[in-house]
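Where a number appears in this text, it was derived from the coordinates with a stated rule and is not lab data. Please read all numbers here as calculations on a predicted model, not as lab measurements. Neighbour counts run over all protein chains shown; Cβ positions are idealised from the backbone, glycine included.
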Amino acid sequence: MIKFYDINKQDKHLHNTFIGLLRKHFKKSDFILGQSVKNFEINFSNFTKSKFAVGCANGTDALYLALKVLNLPKNSEVIVPAMTWVSTVLAIVNNNLKPILVDVNKDDCLISLSEIKKNLSSKTKVILPVNLYGGVVNIKEIKNIIKNKKIFIIEDSAQAHGGKDNFGNNIGKHSDLSCYSFYPGKNLGCYGDGGMITTNKNKFYQKIIKLRNLGQKRKNIHDEIGVNSRLDSIQASLLNLKLKSLKKFNLKRKNIANFYKKNIKNNKINIIKYSKNAVYHQYVVLVKNRKSLIKHLEKNQIQYGIHYPNPINKLKCFSKLFKNKKFVNSEYIASRCLSLPIDPVLKKSEVKKVVKVLNSF
Ligand SMILES: Cc1ncc(COP(=O)(O)O)c(C=O)c1O
């Protein structure tokens, strides 16, 4: 069986060290925030070349907190792509803001710049692009569209740890806030839930530090109406260890992606376009007859993923919000997308087998 992803294999070299660290946490009763979280925040801000990083409970909360810190009037408009994971839009709705869905490009599945332009209004307060599948949006170009208007940019980078835009800028350089998830299957994943917000703005940092911890910076001093969204000390210890392998693993993903791009040769299978410095969280192909490709993969013992079978406008929970709206490219991608294994620990022979099986479809 070729696995879709294998976190046990990825982390095997760290297991003993991690178990040693766990014992330290037990001894010190060190479980919430603490030094390991501080260290990870520093290490992650260095890694992303951002001034500040704040750990939180998960990527969904990272988005929620990034929007909350802006303190926007109710129903302010947030422009967001129709093709993303549900969390991006939940964070908007749960802040009493209004999601304005826009379509993505058919080739790279990233938010369409012309659709942003079309949907800008006097109520637009935030643009929330998603660095989907590890591809990176060019925020510089979005900034050109905004010009001098007071519109914030928040990046959903849950799938793009370590990504850079086409100009070589780290994610977060040109946006106000960038949000990460450490869900186990991510490029940097922990053993439970975890998230992070990065920013270069001290004002946001100082407030999010409080918001994620029940509104307090010091114990029992509650300055803000906050939430309980803290990163666990144990997860932070693990993430500190795993962060050291992230660059190497992202490079392995890139090598597998290059191999797929070069060798998958089948008219029935289209490969999506990745930005220059993508980190290949998923390797997505588009296929008309997905059901039969799935059968073919299953017969050949190859695991796969679908990210995602429905665009946001088709989800029942949002049915009132986006009734009768159509997003042609997002719907096209959702009906055809299939993610191939791109685990950094895949063997060359396994990657070759995936290609062979795809080419024989
Ligand atoms: C694009 C995107 N946004 C947000 C999230 C939410 O992250 P989490 O699962 O950590 O809440 C995820 C991950 O699942 C994601 O892929």
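What to note about this one:
- Gain on full stretching of the segment that runs from Tyr191 to His296 - 0.36 nm per residue minus C-alpha separation: 34.6 nm
- Pairwise FRET efficiency - Lys9 versus Lys149, Cβ, R0 = 56 Å, nearest 0.05: 0.70
- Per-peptide average of other Cβ atoms within 10 Å, ordering 339-352, 52-65 highest first: 52-65, 339-352
- The mean sequence separation of alpha-carbon pairs under 8 Å and at least six residues apart, normalised by the residue count of the chain, gives a relative contact order of 23 percent.
- Leu241/Ser122 FRET efficiency (R0 45 Å; Cβ-Cβ; nearest 0.05): 0.40
- Pairwise FRET efficiency - Ile306 versus Asn267, Cβ, R0 = 22 Å, nearest 0.05: 0.55
- Between region 176-207 and region 65-109, the alpha-carbon center distance in angstrom: 17 Å
- The chain shape via C-alpha gyration tensor axes, a/c threshold 1.5: oblate
- For region 121-190, the set of chymotrypsin sites (Phe, Trp or Tyr not before Pro) satisfying both a DSSP loop assignment and a count of at most 16 other C-beta atoms within 10 Å is given as Phe167.
- Structure-based [θ]222 nm, the chain - -39500 (n - 2.57) summed over DSSP H runs of at least 4, per residue, nearest 500: -12000 deg cm²/dmol
- Placing dummy labels 7 Å off each Cα toward the beta-carbon, the span from Lys288 to Val345 is 4.0 nm.
- Computed from label points 7 Å out along Cα-Cβ, the spacing between Ser319 and Asp223 is 4.5 nm.
- For the pair Val86 and Met1 in one chain, pulling the backbone fully straight at 0.36 nm per residue adds 27.6 nm over the alpha carbon distance.
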